[in-house]
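Okay, structure first, notes after.
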Amino acid sequence: MILYQRTKVVLRGLKTTCFNYARPVKVPPAMSESHIPFFDPWFDSSPRGTQPRTKAGCKYTITIIPGVGIGREMIESALEVLECCGAPVIPEWIYDSESDNDVNFMQMSVNRNGVGIKGNIENRSTWQIVKEDTESRNFVFQEALDLYAHVTVLKSFPSLKKISKIHRDMDIVVIRSNTEGEFALLEHQVGPGIYEHLRVISAYNTRRVSEFAFRKAESEGRKKVTVLHQSNTMPLSEGAFVEEFLKVARKFPKIEHEVMSIHQAARQIYEDLKPLDVIVSNSVYCTQLTDFLIGMIGGPRLVGGGSFSHRFAVFQPPINSRSRGLVGKGEANPTAFLLCGAYALDHLGIKNMGQVIRDAIDCAFGCDVMTKDMGGKATTKEFVHQIVKHVQAVISQVSCKYDKPPKIHPKLPAEWAPEKSGLFLQPVKGKSQAKADDIKNCRKT
């Protein structure tokens with residue numbers, strides 16, 4: 001169905017007169033109340049039913065974007081574990097050569113497959129991006145695919161008691177707006193020494209981020225959704241965000257909801273984390289609070305997440321780090337990308353295999369196998385090999401490159417030689433040959 005929508009356009013970073021124009025808008029099929037947001041609503045009426053678009057036969061094709069820095073080594077380690085699990089996944093590699101066409105190729109691949117695992121594709125620093133008056137490649141990628149919701153899963157590992165000293169049983173999901181607020185990157189220079197930053201909040205984006213949070217809480221069996229705001233300093237924009245959140249909350253009476261300021265949430269973290277289950281916010285302050293929670297778990301290397309839209313899901317670590325100093329040394333910990341691979345399997349409906357990978361990571365930490373960036377002595381390959389051992393203990397029927405080759409021709413001891421022991425019998429002779437041998441023996445006697 002094609003509709004014509006009147007849209008108001010504001011030039012980027014400038015205070016100008018707004019004008020209206022008409023453009024065709026394709027309306028997607030309406031989502032049912034029981035619809036899980038991880039499946040594509042555009043394919044609900046297809047012969048495949050509610051299966052993700054990536055399924056072809058018995059395997060799924062996922063987009064792999066290693067990016068720059070340490071991303072390629074970490075994603076290769078994650079794919080090794082997925083292969084040893086027997087995951088029905090076919091990787092489609094899209095490499096980055098710092099060209100604008102590469103971002104288009106990445107978008108086309110995710111548009112075709114629907115699911116991807118991504119590293120940091122931005123090679124420049126933030127100051128270089130501002131100085132060149134361009135946009136970040138990560139933001140261009142998110143904006144083109146309309147990845148409006150960013151999810152960070154903060155779940156501590158019970159085996160890491162030495163690192164996570166404050167809260168050892170943390171299990172919180174943080175969902176924030178990915179394309180609005182301070183992340184819209186609308187800032188410009190008004191005059192000499194005067195700069196202006198615009199903070200954009202829309203009711204449409206707020207509603208779909210809030211609905212995504214309640215859908216995720218419903219699908220994972222979580223009981224409470226908390227919205228964080230900063231209405232004491234920004235009453236207009238933050239107040240509108242909270243108002244739209246409460247409208248969406250009325251559609252989900254079985255899930256509790258709570259409104260809390262950033263300062264109250266900071267105090268709640270030190271007192272008790274149990275009341276916090278799913279957190280929703282669009283503010284950059286929520287990102288800073290998330291970084292604080294990541295530090296309490298043990299660092300960004302132990303946390304995974306992803307960005308979602310109604311049609312696509314791209315899994316990536318919550319902090320875009322290049323870690324150029326660790327490239328080629330085999331000292332980096334691939335847990336963040338391993339968790340992204342496990343969440344990708346959950347997204348595709350293979351939740352049992354994703355849980356096996358998460359349990360294997362915890363068992364590897366329990367065996368005191370840690371990489372050098374976490375204070376241990378193991379290399380990246382040794383850490384991955386330890387995880388594969390625990391995976392194969394559960395899924396034993398899958399073979400991979402870590403399996404020992406079978407000994408087809410075993411070497412026998414020297415005393416078992418045929419001429420000494422007589423273990424190997426002579427071949428059975430025919431009747432005519434046996435009679436000839438008997439005649440020869442009789443003549444000798």
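The values are calculated or read from the model by the stated rules, or taken from the named source; none is laboratory data. This one's a predicted model, so the numbers in the text were calculated from it and none came from an experiment. Note: ideal-geometry Cβ built from the backbone for every residue, glycine included; neighbour counts use all protein chains shown.
So here's what we get for this one:
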item	result
Which numbered condition Pro275 fails, given (1) under 17 Å from Ile319 (Cβ atoms); (2) touching a helix residue (DSSP H, G or I) at 6+ places or on another chain (Cβ under 9 Å); (3) free of Cβ contacts under 8 Å to residues at least 60 places away in the same chain	(1)
Given (1) of a type outside the set (S, T, N, Q); (2) over 22 Å from Gln268 (Cβ atoms); (3) part of a strand (DSSP E or B), number of the condition Val153 does not satisfy	(2)
Criterion violated by Glu331 - all others in (1) under 17 Å from Val115 (Cα atoms); (2) among the charged types (D, E, K, R); (3) not in a helix (DSSP H, G or I) satisfied	(1)
Number of the exception - Phe365 against (1) more than 22 Å from Gly181 (Cβ to Cβ); (2) free of Cβ contacts under 8 Å to residues at least 60 places away in the same chain; (3) buried (at least 21 other Cβ atoms within 10 Å of the Cβ)	(2)
Qualifying residue in segment 340-357 (condition: out of contact with any strand residue (DSSP E or B) (no Cβ under 9 Å at 6 or more places or on another chain), surrounded by fewer than 18 Cβ atoms within 10 Å (Cβ to Cβ) and farther than 22 Å from Glu220 by Cα)	no
Within segment 220-236, tally of residues that are of a type in the set (Ser, Thr, Tyr) and either at pLDDT 90 or above or buried (at least 18 other Cβ atoms within 10 Å of the Cβ) (or both)	1
Test: Arg176 is out of contact with any Ser or Thr (no Cβ under 7 Å at 6 or more places or on another chain), at pLDDT 80 or above and basic (Lys, Arg)	no
Segment 231-241, residues that are polar (S, T, N, Q) and under 16 Å from Val209 (Cβ atoms)	Ser237
Condition met for Glu182 (within 23 Å of the chain's Cα centre (by Cα), surrounded by 13 or more Cβ atoms within 10 Å (Cβ to Cβ) and in contact (Cβ under 8 Å) with a residue 40 or more places away in the chain)	no
Which listed residue, of Asn120, Asn101, is crowded, with 19+ Cβ neighbours inside 10 Å, among the polar types (S, T, N, Q) and either modelled with pLDDT of 85 or more or more than 20 Å from His310 (Cα to Cα) (or both)	Asn120
